[in-house]
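J.: Take this structure, written in structure tokens, and hold onto it; I'll ask about it next.
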Amino acid sequence: MDGTWFWVAALAAAVLVGMGKGGLPVVGMLGVPVLSLVISPVAAAGLLLPVYIVSDIFGLYAYRAAFDRRVVLILATGATIGVGLGWATASIVPERAVTGLVGVIGAVFALNLLLLPALPAAREPKAAPGVFWGTLTGFTSFVSHAGAPPFQVYVQPLGLSKAIYAGTTTVLFAYVNAIKLVPYVALGQINTGSLQTAAVLALPAALAVFLGVRLVKVVPDGLFFRLVTWALLAISVKLMVDGLTG
């Protein structure tokens, strides 16, 4: 983990992670793919998890009063199951298969939103589908920090306001990242060397949290959700390609 190109990619990934914690979750998903340009995806995921956790602290402060508690509780229940499944099957489930599946789910959902003339009427946050999508969120987040597409499939149709949507995202993924820490250490994906590098990346990531918060505040609601949807589609296509090419 050295060299000019590594640090360029690592700093870019840290800023993307921070912006994601500032309320732009799909932007945060770009962190691992960007860092994977210079190191392996598994190493990238392990290196960035502490950066995610540090950024979570600032994100939780920024959105401490703006999130949907019921949605978080439902999804956190499923996410706990999903992270447990990810840990239990880490040695037998191919990462590329999970990556490709996440891409397909995200692409279908994004295309559905883009092709419909308008979003359907807001839905109530039901427990059963929430636990299902939360489980998938936890599992895919454990494998490659790619939990945003299944999360959005459940949350976006709920009709949350922009600030509540961003806060719910931040709180839920702060919880998911916290419970991933022990399995990552146990599996050797986090070590002394990666922690030293993560410590350097934590500052730009923390500063980028407030950039993300600022963007959420100034971007109009309609444009915000269109950008989120297009970003979801772009990243989902990238994940499908990754799944096919390994």
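No lab work stands behind these numbers, since they all come straight from the coordinates. Every value quoted in this text rests on a predicted model; they were computed, and no experiment measured them. Note that we place each Cβ from the backbone using ideal geometry, even for glycine, and neighbour counts take in every protein chain shown.
J.: Please work out how much length the chain gains when fully extended from ARG70 to LEU11, using 0.36 nm per residue of separation minus the C-alpha to C-alpha distance, in nm with one decimal.
T.: Full extension from ARG70 to LEU11 adds 17.7 nm.
J.: Which of ASP68, ASP221 comes first, and how do the rest follow, when ranked by fewest Cβ neighbours within 10 Å?
T.: ASP221, ASP68
J.: Next up: Can you give the helix-only mean residue ellipticity at 222 nm for the chain, where every DSSP H stretch with n ≥ 4 adds -39500 (n - 2.57) and the sum goes over all residues, rounded to the nearest 500 deg cm²/dmol?
T.: -26500 deg cm²/dmol
J.: Work out the FRET efficiency for ALA90 and LEU203 from their Cβ-Cβ distance, taking R0 = 35 Å, and round it to the nearest 0.05.
T.: 0.70
J.: Next up: Points 7 angstrom from Cα along the Cβ direction at LEU195 and LEU181: gap in nanometres?
T.: 1.1 nm
J.: Here's something else I'd like to know. Taking the chain as the reference, fit the longest principal axis to its C-alpha atoms, fit the long axis of helix 95-115 to the helix C-alpha atoms, and give the angle between the two in degrees, 0 to 90, nearest 10.
T.: 30 degrees
J.: Calculate the dipole size of the chain relative to its Cα centre from +1 charges on Lys and Arg beta carbons and -1 charges on Asp and Glu beta carbons; express the result in debye to the nearest 20.
T.: With only Lys, Arg, Asp and Glu charged at Cβ, the dipole is about 480 debye.
J.: Using the beta-carbon distance between LEU37 and LEU115 and R0 = 25 Å, what value does 1/(1 + (r/R0)^6) give for FRET efficiency, to the nearest 0.05?
T.: Approximately 0.20, to the nearest 0.05.
J.: Oh, and also: Using the structure shown, select from LYS21/LYS238; LYS126/LYS238; LYS217/LYS238 the pairs with a Cα to Cα distance greater than 23 angstrom.
T.: Over 23 Å Cα-Cα: LYS126/LYS238; LYS217/LYS238.
J.: Going by how many other beta carbons lie within 10 Å of each one, how would you line up LEU47, LEU11, fewest first?
T.: Taking fewest neighbouring Cβ atoms as first place, the list is LEU11, LEU47.
J.: Further question: In degrees, nearest 10, range 0 to 90: what is the angle between the Cα axis of helix 4-21 and the longest Cα principal axis of the chain?
T.: 30 degrees
J.: Using a 10 Å cut-off around each Cβ, can you sort THR192, THR137, THR80 from fewest to most neighbouring Cβ atoms?
T.: THR192, THR80, THR137
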